[in-house]
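The values are calculated or read from the model by the stated rules, or taken from the named source; none is laboratory data. No experiment lies behind these values; they were computed from the predicted model shown. When we count neighbours, we look across all protein chains shown, and the Cβ atoms used for this are built from the backbone with ideal geometry, even at glycine.
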Amino acid sequence: MLVRPRRKAGREVLWILAAGLTCPYRVCGPWLLGVLLIDGPVKFAQEERMTDVFDAYLVDPKVSLLDKTRIQAQVLVPVLRALRAKMGKDHADAIVKQALRDWSRQLFAAIGDGIEGSPRRKWATMHSALGEITAREVEVEMRRHDKEALEFDVTRCRFAEFFRALGEPELGALLICETDFDIAAAGDNEMSLDRSQTIMQGAPSCTFRYKFAPRQ
């Protein structure tokens, strides 16, 4: 069943998607749901690419995030393993973790600063953009979406498959998984993220649980 909403849509599109029906637009999923519920009418990808906000992160938008991550790993893995051989695994991993976390936090904080609107809108914009660039690499099952919460499980992740096959899931978590928390930080005190497990860590799914603060 396909229900085609008006060109400018609000909550009626949300409930069509939440019911598991086919989305008539190119960009769908829990990330777009978040924008629809929070901000009402949005510009869809045909008019303006959501991923434009991530140009600094992607460097080259023509390169997929998975391919970019593979390129990063080609450089980082030999360096990380050389550091481990010189100073021990714990010390080397701690140095690399601190460096990558500082880089990621600063990068996404700067991206958030460049987005107009409330903290929740900043989060929704980045969350939607991330959803667009990762849509081909993950499979998602929606659990809940309303004004109080957004809950979904990622049941397949090609990023996790790549890093686990490489034997470096901790590096994958730093490059990919922690990004979600850096984006959530843009929401300030208007929303929060809890994720008790990830496929990268060896769990069967990644459990995303977002909570939205009541509007004042």
* Run down Gln46, Gln72 and say which single residue is part of a loop (DSSP other than H, G, I, E, B) and either at pLDDT below 95 or not aliphatic (A, V, I, L, M) (or both). => Gln46
* Structure fact -> Of (1) under 24 Å from the mean Cα position of the chain (by Cα); (2) buried (at least 17 other Cβ atoms within 10 Å of the Cβ); (3) farther than 24 Å from Pro214 by Cα, Trp123 satisfies every one except (3)
* Run Leu100 past the list (1) under 26 Å from Ile176 (Cα atoms); (2) crowded, with 17+ Cβ neighbours inside 10 Å; (3) modelled with pLDDT under 50 and report the number of the one that doesn't hold. => (3)
* To do: Please state which one of Phe181, Phe163 is closer than 19 Å to Leu76 by Cβ and out of contact with any His (no Cβ under 6 Å at 6 or more places or on another chain).
  => Phe163
* **Residue check, Arg84 surrounded by 12 or more Cβ atoms within 10 Å (Cβ to Cβ), touching a strand residue (DSSP E or B) at 6+ places or on another chain (Cβ under 7 Å) and more than 16 Å from Glu178 (Cα to Cα)** => no
* Return yes when Lys62 is farther than 22 Å from Leu150 by Cβ, in a loop (DSSP other than H, G, I, E, B) and at pLDDT 50 or above and no when it is not. => yes
* To do: Return the residue satisfying two criteria in turn: it lies in segment 179-202 and is surrounded by 13 or more Cβ atoms within 10 Å (Cβ to Cβ) and small (Gly, Ala, Ser), and of such residues it is nearest to the chain's Cα centre (by Cα).
  => Ala184
* Asked: Can you name the number of the only condition in (1) at pLDDT 95 or above; (2) in contact with a Pro (Cβ under 6 Å, 6 or more places away or on another chain) that Leu166 fails?
  -> (2)
* Scan the strands (runs of 3 or more DSSP E) fully inside segment 131-216 and keep the ones with 1 or more residues being within 21 Å of Arg101 (Cβ to Cβ) and not aromatic (Phe, Trp, Tyr). => 149-157, 191-194, 206-212
* Asked: Is there any pair with a first residue in segment 198-214 that is closer than 20 Å to Arg120 by Cα and among the hydrophobic types (A, V, I, L, M, F, W, C) and a second that is at pLDDT 95 or above and surrounded by 19 or more Cβ atoms within 10 Å (Cβ to Cβ) whose Cβ atoms are under 6 Å apart and which are 6 or more apart or on different chains, and what are they?
  -> Phe208/Phe152
* **Positions within segment 60-70 being in contact with a helix residue (DSSP H, G or I) (Cβ under 7 Å, 6 or more places away or on another chain) and without any contact (Cβ under 8 Å) to a residue 24 or more places away in the chain, in sequence order** => Pro61, Lys68
* Asked: Quick check: anything in segment 130-140 of a type in the set (Lys, Arg), surrounded by fewer than 19 Cβ atoms within 10 Å (Cβ to Cβ) and under 13 Å from the mean Cα position of the chain (by Cα)?
  -> yes
* Got at least one residue in segment 104-112 being exposed (fewer than 12 other Cβ atoms within 10 Å of the Cβ) and touching a residue at least 12 places away in the same chain (Cβ under 8 Å)? -> yes
